[in-house]
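Encoded as structure tokens, the structure appears first; notes follow it.
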Amino acid sequence: ETFERIEKVEGKVGSFVHLRKEKALEEARILDEKIARGEKVGALAGVPVAIKDNMVSKGDITTACSKILGNYEGIYDATAVKKLKEADAIIIGITNMDEFAMGSTTKTSFHHLTKNPWDATRVPGGSSGGAAASIAAQEVYISLGSDTGGSIRQPASFCGVVGMKPTYGRVSRYGLIAFASSLDQIGPMAKSVEDIALTMNVIAGADDYDATVVNCEVPDYTKFLNQDIRGMKIGVPKEYFIDGINPEVRQIMEDAIEKFITLGAEIVEISLPHTKYAVPTYYVIAPAEASSNLARFDGVRYGYRSKNIQNINDLYVNSRSEGFGDEVKRRIMIGTYVLSAGFYDAYFKKAQKVRAKIKEDFDRAFENVDVIFTPVSPSTAFRLDDKKTPIELYLEDIFTISANLAGIPGISIPAGKAQGLPVGIQLLGKPFGEGDLIKAGSAFE
Ligand code: GLN
């Protein structure tokens, strides 16, 4: 049924870069036999799921939607992928994304465009645009995305699905092709908060292969579903309700706040004074880390190698020049610049200090509130033919990137439609407060 559905809609949407039809059907058949024998099966037994093209899966082609990875085949499973397999989920395919997760439209993918299932003239958002579209188009039930500055939450909002970025250190990044290692987190996208909770139960937790995963207990996230939220304190930061938000999006936010009040939550106005520095801080730190992480793609070790080579220098320069797309090159150049000896103090070091201030804003706010309420994005899904400049696009990330800089969890939940296009609300939580997000989110949806 899953593949029939995909056959029917995939031509219009383009969520996937690679389907695992034969492997998936074979895995499902083996699982069926296991069930028939009465053997114990995992928590996601038989659930059709998808993974983003930046998570390796043994024997599957993984390209981060970049030409430079060519036909690179995973030689091991990313931990999150391994955990899905161990839970007996069936991986249906690999989803489209912006090249190396740099973007918010999925248009920088080397492969093809993904269209928003609600309106084929619009983007699905990004960088996990294929993942969001695969849920919205009802191709799979759960998709893993990655979020460095909003890449799970923004496409979830644009496609009308739920997406969670866990706390930095909650889910292993082992086997996730690194973009910005201090910001990246893998997280689930699904139709409901319940499916998010079920997936978090499977993918969260310590991993010997990723020392940044915090070894603290993983609660049963389903315990937070359908709880009474009376008395829960929800902070609304005044810096997030600025000019430039689409008026219909703003109205949906106001209605959502009313709904939380009706549910018995207490709304508290808060201030996150360093919010205005979040975009410039992120666009120094993320490219800096990316420029270092992407140094490994040298034409020698992975995927693509230029044919036009006379000497070793050509091998590097031509393979990288031909293999990376424009946005990736832009970020490598910004990153190497801000890390260079002459500019390190002025940019990278300064950005690290501001990052600490942004984190302190949240620490202070969470002394008084349980969760923080914000929009996910100032607008609805952009038109596919929209010619925003890179800086205009970066500014659209204003509401999502602070969570990555501070390392805190965030969830995007559908809250309504503006001119027929989905709009999500964002809830941000304390470090390892995913349970609070599931509690507030499940009461809201
Ligand atoms: N839009 C942001 C960027 O382009 C976030 C991407 C992400 O979270 N991977 O960097």
I'm checking my understanding of the structure. Among residues of region 245-289 that are among the acidic types (Asp, Glu) and more than 16 Å from the ligand (Cβ to nearest atom), which one is farthest from Ile391 (Cα to Cα)?
Glu266
Which count do you get for residues in region 117-150 that are of a type outside the set (A, V, I, L, M), closer than 20 Å to Ser192 by Cα and either near the ligand (Cβ under 9 Å from one of its atoms) or buried (at least 24 other Cβ atoms within 10 Å of the Cβ) (or both)?
14
When only residues in region 85-116 that are of a type in the set (Gly, Ala, Ser), closer than 30 Å to Val41 by Cβ and in a loop (DSSP other than H, G, I, E, B) count, which is farthest from the ligand (Cβ to nearest atom)?
Ala87
Can you say whether Ser127 is small (Gly, Ala, Ser), touching a Phe, Trp or Tyr at 6+ places or on another chain (Cβ under 9 Å) and assigned to a loop (DSSP other than H, G, I, E, B), as far as the supplied structure shows?
yes
Which members of region 179-202 meet the condition of being within 16 Å of the ligand (Cβ to nearest atom) and open to solvent by less than 10 Å² (accessible area, probe 1.4 Å)?
Phe179, Ala180, Leu183, Asp184, Gln185, Ile186, Gly187, Pro188, Met189
In region 407-443, which residues are open to solvent by 10 Å² or more (accessible area, probe 1.4 Å) and either within 16 Å of the ligand (Cβ to nearest atom) or in a helix (DSSP H, G or I) (or both)?
Gly407, Asp436, Lys439, Ser442, Ala443
Collect the residues in region 151-178 that are charged (D, E, K, R) and either within 13 Å of the chain's Cα centre (by Cα) or within 13 Å of the ligand (Cβ to nearest atom) (or both), keeping them in residue-number order.
Arg153, Lys165, Arg173
Of everything in region 203-228 that's among the small types (Gly, Ala, Ser) and open to solvent by 50 Å² or more (accessible area, probe 1.4 Å), which residue is farthest from Ala180 (Cα to Cα)?
Ala206
Residues located in region 256-285, provided they are open to solvent by 60 Å² or more (accessible area, probe 1.4 Å) and in contact with a Gly (Cβ under 7 Å, 6 or more places away or on another chain):
Glu266
With criteria (1) within 26 Å of Ala133 (Cα to Cα); (2) free of Cβ contacts under 8 Å to residues at least 12 places away in the same chain; (3) among the hydroxyl-bearing types (Ser, Thr, Tyr), Thr374 comes up short on (2)
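Please count how many residues of region 65-84 are open to solvent by 10 Å² or more (accessible area, probe 1.4 Å), outside any loop (DSSP other than H, G, I, E, B) and under 20 Å from Arg170 (Cα atoms).
Residues meeting the conditions: 3.
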Every residue in region 396-445 that is in contact with a Cys (Cβ under 8 Å, 6 or more places away or on another chain) and either more than 27 Å from Lys223 (Cα to Cα) or without any contact (Cβ under 8 Å) to a residue 60 or more places away in the chain (or both), please.
Pro422
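Which one is nearest to the ligand (Cβ to nearest atom), of the residues in region 385-404 that are assigned to a loop (DSSP other than H, G, I, E, B) and under 15 Å from Thr281 (Cα atoms)?
Among those residues, the one meeting the criterion is Asp397.
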Test: Phe158 is buried (at least 24 other Cβ atoms within 10 Å of the Cβ), touching a Pro at 6+ places or on another chain (Cβ under 9 Å) and of a type in the set (Phe, Trp, Tyr)
yes
Kindly evaluate Thr62 against the criterion of being open to solvent by 10 Å² or more (accessible area, probe 1.4 Å) and either aliphatic (A, V, I, L, M) or under 18 Å from Ser181 (Cβ atoms) (or both).
no
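Residues to consider are Ser271, Ser292; find the one that is closer than 27 Å to Gly74 by Cβ, of a type in the set (Ser, Thr, Tyr) and in contact (Cβ under 8 Å) with a residue 12 or more places away in the chain.
Values: Ser271 fails: closer than 27 Å to Gly74 by Cβ.
Step by step, each of Ser271, Ser292 is checked, and only Ser292 is closer than 27 Å to Gly74 by Cβ, of a type in the set (Ser, Thr, Tyr) and in contact (Cβ under 8 Å) with a residue 12 or more places away in the chain.
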Residue within region 51-59 that is part of a loop (DSSP other than H, G, I, E, B), within 16 Å of the ligand (Cβ to nearest atom) and under 30 Å from Ser306 (Cβ atoms) present
yes
Options Ile358, Ile372; residue that is away from the ligand (no atom under 12 Å from the Cβ), part of a strand (DSSP E or B) and of a type in the set (A, V, I, L, M, F, W, C):
Ile372
Taking only pairs six or more apart or across chains, which ones have beta-carbon atoms under 6 Å, a first residue in region 67-92 that is under 25 Å from Asp298 (Cβ atoms), and a second residue that is acidic (Asp, Glu)?
Gly74/Asp60
If you check Met253 against the conditions, is it part of a strand (DSSP E or B) and modelled with pLDDT of 95 or more?
no
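The values are calculated or read from the model by the stated rules, or taken from the named source; none is laboratory data. This is a predicted model, so every value here is computed, not measured. Because the Cβ atoms are built from the backbone with ideal geometry, glycine has one as well, and the counts that use them run over all protein chains shown. Side chains are part of the model used for accessible areas, which takes the heavy atoms of the whole protein and leaves out ligands, DNA and RNA. Shrake-Rupley method; radii C 1.70, N 1.55, O 1.52, S 1.80 Å.
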